[in-house]
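One structure is given here, and the rest of the page talks about it.
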Amino acid sequence: MPFVRFLASNPRSVFLLDGCGALLTGALLVLLLAPLEPLFGMPAFVLRPLAYVAGAFALYSLGCFALFPKLAARASILLTVIAIANSLYCVVTLAMLVAHRAHITALGVAYFIGESLIVGMIVALELKTAGGVRRSSI
């Protein structure tokens, strides 16, 4: 777990990880899942908005990464904001999984559950990092 400790003590790196993960999510939704809708079962009209949200999260996190020297004093609140946003993304994704369960394939279930687990781990890292930043600034 040295890598997790490194990330938790480097808020700027957490923003980079989150931003890259959001870019990957958006790309997978648009370039893989939407064209292969029959394989995953989630309708493209659901995937596109999820991809747009992932793109917005990527802009936020990569913006925080790029501007970190100017934003460092607010790192705790900025990490908390993206952690809450990521949590809501997971809730919406899982709600869409339930809403479209009649069409979702086993591969679709595996993808969205896996994605939610990974995003959940990133949320935990963001909150841990935000707490560490808060404690170190007291």
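What the table below lists for this structure:
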| item | result |
| --- | --- |
| Segment 1-26 - residue that is touching a residue at least 60 places away in the same chain (Cβ under 8 Å) and among the aliphatic types (A, V, I, L, M) and, of those, surrounded by the most Cβ atoms within 10 Å (Cβ to Cβ) | VAL14 |
| Residues within segment 1-43 that are touching a Gly at 6+ places or on another chain (Cβ under 7 Å), part of a helix (DSSP H, G or I) and modelled with pLDDT under 95, tallied | 1 |
| Filter result for VAL46 (without any contact (Cβ under 8 Å) to a residue 24 or more places away in the chain and of a type in the set (Val, Ile, Thr)) | no |
| Flag if ALA54 is over 17 Å from the mean Cα position of the chain (by Cα), on the phi < 0 side of the Ramachandran plot and at pLDDT 95 or above | no |
| Within segment 84-105, tally of residues that are assigned to a helix (DSSP H, G or I) and either polar (S, T, N, Q) or touching a strand residue (DSSP E or B) at 6+ places or on another chain (Cβ under 8 Å) (or both) | 3 |
| Some residue of segment 67-89 being touching a residue at least 60 places away in the same chain (Cβ under 8 Å) and of a type in the set (Val, Ile, Thr) | yes |
| Hits in segment 27-46 (condition: surrounded by fewer than 21 Cβ atoms within 10 Å (Cβ to Cβ) and under 18 Å from the mean Cα position of the chain (by Cα)) | ALA27, LEU28, VAL30, LEU31, LEU32, VAL46 |
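One line per residue, one yes/no per condition, for (1) farther than 19 Å from VAL46 by Cα; (2) hydroxyl-bearing (Ser, Thr, Tyr); (3) more than 10 Å from the chain's Cα centre (by Cα); (4) part of a helix (DSSP H, G or I):
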position: ALA110; (1), (2), (3), (4): no, no, yes, yes
position: GLU115; (1), (2), (3), (4): no, no, no, yes
position: VAL119; (1), (2), (3), (4): no, no, no, yes
position: LYS128; (1), (2), (3), (4): yes, no, yes, yes
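The values are calculated or read from the model by the stated rules, or taken from the named source; none is laboratory data. From a predicted model like this one, the values you see are computed outputs, not experimental measurements. All Cβ positions, glycine included, derive from the backbone under ideal geometry; neighbour counts span all protein chains shown.
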